[in-house]
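The structure appears right after this line, and notes come after that.
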């Protein structure tokens with residue numbers, strides 16, 4: 001079983017925040033395939049299905065960013081998901097808006113949600129898609145920046161990035177991280 005897990009903050013107040021780029025991508029991915037995320041018994045919403053006989057889950061926690069690890073651990077334990085089949089979608093202030101990076105593993109990069117997941121899983125060896133949200137902020141205002149909303153022009157740019165990412169995420173569900181990376185490298189060479 002494979003899972004795509006988005007990091008973000010619950011609630012309408014945070015819906016269009018930079019910190020919710022992972023949620024926004026998962027929402028657009030789900031909508032593009034008419035997948036409806038439903039409440040689970042744990043602290044998350046989910047969609048469960050299969051693609052080419054490969055079962056998968058889409059997970060959207062109903063907690064705050066800093067508690068993402070608790071939900072990640074619940075999901076991995078409940079569905080017996082291998083850590084390399086657990087893809088995390090996360091915002092990244094070190095990437096410009098419109099950029100993204102795919103990694104098989106890595107550190108938290110100063111992101112509290114990733115730090116929470118690394119702590120809860122006892123490993124940093126899970127794949128992730130880092131979504132650029134820009135780094136245009138002054139010293140000491142990083143929290144304000146990630147909790148600020150995207151403006152209308154930024155939302156258009158973000159959606160264009162997501163359009164590039166949707167087929168790549170689909171490849172993760174079919175072929176795991178290696179299939180996803182292969183699809184990504186082919187799309188870069190077109």
Task: Residues 75, 65 arranged by fewest to most Cβ contacts within 10 Å - done: 75, 65
TODO: For region 110-166 and region 65-104, compute the distance between their C-alpha centroids and round to whole Å.
DONE: 11 Å
TODO: Let me see the pair-distance distribution of region 109-177: every alpha carbon pair, 5 Å bin width, integer percents in order.
DONE: 3, 12, 18, 17, 21, 18, 9, 2, 0
Task: Sorted peptide list for 121-128, 77-84, criterion being average Cβ within 10 angstrom, highest first - done: 121-128, 77-84
TODO: Can you bin region 50-190 into rounded, prolate or oblate? Criterion: square roots of the alpha carbon gyration tensor eigenvalues sorted a ≥ b ≥ c, rounded for a/c under 1.5, prolate for a/b above b/c, oblate for the rest.
DONE: oblate
Open item on the list: If I build a Gaussian network model for the chain, linking alpha-carbon pairs within less than 10 angstrom, which residue out of 159, 12, 41 has the largest mean-square fluctuation?
Closed with: 41
- [ ] Would you mind calculating the relative contact order of region 2-188 from Cα pairs under 8 angstrom and at least 6 residues apart, reporting the percent as a whole number?
- [x] 26 percent
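Throughout, read-outs are computed from the coordinates displayed, never taken from laboratory work. Here the structure is a predicted model, which means the values were calculated and not measured. When we count neighbours, we look across all protein chains shown, and the Cβ atoms used for this are built from the backbone with ideal geometry, even at glycine.
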